[in-house]
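A short worksheet on the structure shown next.
The values are calculated or read from the model by the stated rules, or taken from the named source; none is laboratory data. Quick caveat: nothing in here was measured; it's all calculated off a predicted structure. Every residue, glycine as well, gets a Cβ built from its backbone with ideal geometry; the counts of neighbours run over all protein chains shown. Side chains included, ligands, DNA and RNA excluded: accessible areas come from the protein's heavy atoms. Shrake-Rupley method; radii C 1.70, N 1.55, O 1.52, S 1.80 Å.
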Amino acid sequence: MNYCIKNATLVNEGQTFVASVFVSDGKIAKIVREGQASELAEEPAWEVIDATGKYLIPGIIDEHVHFREPGLTHKADIYTESRAAVAGGVTSFMDMPNTNPQTTTQELLQQKFDLAAEKSLANYSFYLGATNDNLAEVVKTDPKTVCGIKLFMGSSTGNMLVDKNEVLVRLFRESPCLIAAHCEDEQTIHENTVRCKDLAAKGEVVVDASIHPFIRTTEACYKSSFKAVDMADHFGARLHVLHISTQRELSLFKNNIPLKDKKITAETCPHYLWFDNHDYEAKSFAIKCNPAIKSHRDKEALLQALHNGLIDTIGTDHAPHLREEKFTGDYFTSKSGFPSIQHSLEVMAKLLPNDLPLLVQLMCHNPAILYQIDRRGFIREGYHADLALVDMNANSCITNANEYSKCGWSPYDGLEVHSQVTHTFVNGNLVFEKGVFHEENKGERLVFNR
C-alpha cells in the first residue's frame, strides 16, 4: 500500500518542520514541505494518514538487544520482542550472541538470520560472539551483512568472557568489522564479590540490590574500558564500547571528530540516564543490570555527555527475564537485565523534552552512521520507509499490564510519560497502528555499506 503521511512535524537531521511524506514500494518517494505543491498529492492511490500535530521521526535503530532466541524462549523470543520493539517506534535491532547455543559460528549465526526472516516484525542483524577459541569463525564474518563482533571483556549473562590476552590482541588486530564490547574487569568483580560475601557472613553488610554498584564498580568498568580503548587505538580497530555507566569512562572518548571518522565510540542506555543508586530501595532487583546503575553524579555526567558528543548512541540493552528469575531468591541468584525496548523513546523524550533533534540524532541517525547501515536512519527520499509517528502530548503511565515483552513486566512500571508512538512503518509497511499490530509483512536483514 502507498501512504501519504500528511502534515506531520518532521524531526530529521537537526531540523523540525511540517511536511507530508509519501511512501511507495517500501521507500520514501517524496517529502513535500508545508506550502509546496506536488503532483503526487493529486494521485488517487495514496492511503492518507492525517498526522497534524504529531511528530514523524526515522525509525529507531537499537543496536543492543537480547531477544533470547534460540534456547531461552521461555522468557523472550524474536517474535514477541520485535512486537515490543515496533510498539516503541524501533524499526531495526541488532541482537546479541549469548543465547543457547551461543552464536559463535557462522552456521549458528545464519540460523538466527533464518529465524528472524520468519518471525521478526522489525529489521534485524545479529552479532557473532567472540570466544577464547573461535577466531577462525570471527575472521569469516562478512562486514556487509553482519553488524559486528560481540566481545565480553567481563562476564555477564551467558558467561562468554574472553580473558586470554593473546586472543584479544589477535581479535583487535584481525576482526573484519566493528567490535562491540561489554567492558567490566573480571578480577575486580571477583574480588569484590568475595569481600562482600565475607562481610555478609559477619553481619557487617546487608546483601540486597543496593550492593550491586559496590561489586560491579566504577573501577571495574574503567579498567576494562581503558584496556579495550587502548588496544583498539594501538591496532586501529573499530570499537564501540557498550552501556557506559560511569563518569570516569567518559574521559576515554573524544568529541572533536565527526562520527563518520571516529574509530572508537560509546553507547549508553536509558536506564543509566533515568535511574541512579537511590532507586535501588524502591525498585530493588528490577533495576539490577550489568554494568550496575551507579551514582547520581554518574547519571548527570552521562546526561551531559549526550549534549557534548562523548556519547554517540543510545541502545537499550533490552534483556528480559521472568519475574521468578528476577525476584525469587537473593542478590546472588537474581538475574541481571530487564526489558526496555518498548519504552526507550518514551523515557528519552521525558529526559530530552525540549531537544527532539538530539534524541533523533542519538537513536536514529548516529546508529545508522556508526554501523554504516544502507539507506536507513534518516527521512530522505529514496531511503527505506522506516518511520515512527509520535504524539508528544499523550499523557500516560507505563504499567506492567501494557508490556508487550513476553516477560510481562517493566522496570519503568508506574512512570508517567508524555509521548506515545501511534504508527510505526517498517520498509513502508504499517506494522503498528494505535495499539494494533499488522503482522502480514516481516522485517528485512540489514545491509551495511562497508
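Brief remarks follow.
- Across the options 146, 182, 253, the greatest Cα extent toward the positive end of the charge dipole of the chain (unit charges at beta carbon of Lys, Arg, Asp, Glu) belongs to 253.
- Accessible area of the chain belonging to carbon and sulfur atoms, whole % at 1.4 Å probe: 47 percent
- The magnitude of the dipole of the stretch 381-450, with charges of +1 and -1 set on the Cβ of Lys/Arg and Asp/Glu and taken from the Cα centre, is near 260 debye.
- Cα-centre dipole for the chain with unit charges at Cβ (Lys and Arg positive, Asp and Glu negative), debye to 20: 640 debye
- Label-to-label distance, residue 322 versus residue 282, with points set 7 angstrom from Cα along the beta-carbon direction: 2.9 nm.
- Taking a point 7 Å out from the Cα of residue 355 in the direction of its Cβ, the residues of the stretch 268-291 whose backbone N falls within less than 19 Å of it are 268-276.
- Computed 3J(HN,Hα) for the stretch 320-335, one whole-Hz value per residue from the Karplus formula 6.51 cos²θ - 1.76 cosθ + 1.60 where θ = phi - 60°, is x, 9, 5, 4, 5, 6, 8, 10, 9, x, 10, 4, 6, 9, 5, 5, glycine and proline marked x.
- Alpha-carbon radius of gyration plus Dmax, which is the widest Cα pair, for the stretch 291-344 in Å: 14.3, 41
- Distance (nanometres) between label positions extended 7 Å along Cα→Cβ at residue 399 and residue 45: 4.4 nm
- The length gained on full extension between residue 234 and residue 434, counted as 0.36 nm times the residue separation minus their Cα-Cα distance, comes to 67.0 nm.
- Cα centroid of the stretch 338-400 to Cα centroid of the stretch 183-208, whole Å: 38 Å
- Qualifying GluC sites (Glu not before Pro) in the stretch 136-204, DSSP loop, other Cβ atoms within 10 Å at most 14: 204
- Ligands, DNA and RNA are left out, and with a 1.4 angstrom probe the accessible area of the stretch 71-112 is 27 Å² per residue.
- Cα centre as origin, Lys/Arg/Asp/Glu Cβ charges: the stretch 275-325 dipole, Debye: 60 debye
- Per the Cα gyration tensor, the stretch 231-368 maps to an equivalent ellipsoid with semi-axes of 27, 17, 14 Å, ordered largest to smallest.
- Residues in the stretch 61-101 that a label on residue 445 would reach, taking backbone N under 16 Å of a point 7 Å out along Cα→Cβ: 93-95
- Radius of gyration and maximum dimension Dmax of the stretch 202-296, Cα, Å: 15.5, 53
- Restricting the calculation to Cα atoms, the chain yields a radius of gyration followed by a Dmax of 21.3, 79 Å.
- Think of the chain as a dipole: +1 on every Lys or Arg Cβ, -1 on every Asp or Glu Cβ, centred on the Cα centre; then among 359, 97, 286, 97 lies furthest on the positive end.
- With the simple model of a label 7 Å out from the Cα in the direction of the Cβ, residue 308 to residue 257 spans 1.8 nm.
- Based on DSSP H segments of at least four residues, each scored -39500 (n - 2.57), the chain has a per-residue ellipticity at 222 nm of -7500 deg cm²/dmol.
- Degrees, to the nearest 10: 165-174 long Cα axis against longest axis of the chain: 20 degrees
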